Amino acid sequence: MMKKRIVFIIGIFFLLSTLSCGDSGKGDLGRKELVRINKLSISIEEFRQMSEKQPLEGKMRLLDEKGMRDFLENYVITREVLYQEAKKKGFDKKEEILAKVDDFRRAMIIDALIEEELRGKSEATNEEIQRYYRENKSLFTEPVEVKVRHIVVNSEPVLKEVLTRLSKGESFEKLASTFNIDRTREDGGNLGYIRRGQLAPSFAQFEEAAFSLVKKGELSEVVRTPYGFHIIQLEEMRGANLRPLEQVRERIRFFLQAKKRQEAYLGYVKEVKSKASILINEKLWAEEEKRGEKTKEDKK
């Protein structure tokens, strides 16, 4: 299958190398000259290089003749025609555009310098990963969570009836489905898992009661919140487990690499600055600061 695809692509290149985009100058094209746009010539090799520079999604569209031709006419040719037209109108000489080009060029050069200088300085060793894991175990410990149900009513007579029926051994879940005044009535009072600090401040007493329960099926004392009277039942408790190093190794590696890279970058900048001759006109800077403060006041 791969061989067929390679042969097919080579065939497409060969086909394109024999085509031109217009009627003018057909016989003047060289053997490896794919297209000529006014006076600019693009060879088949240059076209291949443009194709290779496309992102993966773009390359996927170049696997058949239609995709290749579309790329040639609607990207390569269109881009060049527009560029030539822009140059005719003097856009390549406009100061604001030249300034943007210079900013981009500077950024590319600085990025290349930083990549060169920081290469290999951000790697995190296994020893560093293990040490960070040992010294920061709290970061990798799952918080305690409790799965609870509750019965919530909004009157004391109803509360007394619920407590009486619970004392006789009636099902907590069925009583919740009968008496609850909130949406949990549909699921027997099920609140799912909650963790400390998850509930609103007005539910602090509710949260404390839920986390004071220890045994499965244990019931809390009556707790009052702005919503009414609650009785809580513990279904399950989980958490407080330290996740194994192997589960968090890559997370630690990513963090340490970013940290080491930032430290290496700041160190390198400090070193370069120390070697440079830098003079600041403090008098002029003070005037600029005053000007900035005045502008802020005028805007108020």
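What to note about this one:
- Counted residues, the range 244-300 - those being among the aliphatic types (A, V, I, L, M) and either within 17 Å of Glu117 (Cβ to Cβ) or touching a residue at least 12 places away in the same chain (Cβ under 8 Å) (or both): 10
- Test: residue in the range 227-240 that is free of Cβ contacts under 8 Å to residues at least 60 places away in the same chain, touching a helix residue (DSSP H, G or I) at 6+ places or on another chain (Cβ under 7 Å), surrounded by 17 or more Cβ atoms within 10 Å (Cβ to Cβ) and among the β-branched types (Val, Ile, Thr): no
- Residue match in the range 187-204 (condition: within 22 Å of Val162 (Cβ to Cβ), touching a residue at least 12 places away in the same chain (Cβ under 8 Å), touching a Ser or Thr at 6+ places or on another chain (Cβ under 6 Å) and among the aliphatic types (A, V, I, L, M)): no
- Residues in the range 250-283 that are under 28 Å from Glu127 (Cβ atoms), aliphatic (A, V, I, L, M) and exposed (fewer than 13 other Cβ atoms within 10 Å of the Cβ): 3 in all.
- Matching residues in the range 46-63 - criterion: being surrounded by 13 or more Cβ atoms within 10 Å (Cβ to Cβ) and either acidic (Asp, Glu) or touching a His at 6+ places or on another chain (Cβ under 7 Å) (or both): Glu46
- Candidates Ala176, Ala210: the one that is surrounded by 18 or more Cβ atoms within 10 Å (Cβ to Cβ), in contact (Cβ under 8 Å) with a residue 40 or more places away in the chain, part of a helix (DSSP H, G or I) and small (Gly, Ala, Ser) is Ala210.
- Count - residues of the range 137-154 that are modelled with pLDDT of 95 or more and over 23 Å from Leu199 (Cα atoms): 0
- Applying the set (1) farther than 25 Å from Thr141 by Cα; (2) in contact with an Asp or Glu (Cβ under 6 Å, 6 or more places away or on another chain); (3) of a type outside the set (S, T, N, Q) to Val222 leaves exactly one unmet item: (2).
The values are calculated or read from the model by the stated rules, or taken from the named source; none is laboratory data. No experiment lies behind these values; they were computed from the predicted model shown. Positions of Cβ are generated from backbone atoms using ideal geometry, with glycine treated the same way; all protein chains shown enter the neighbour counts.
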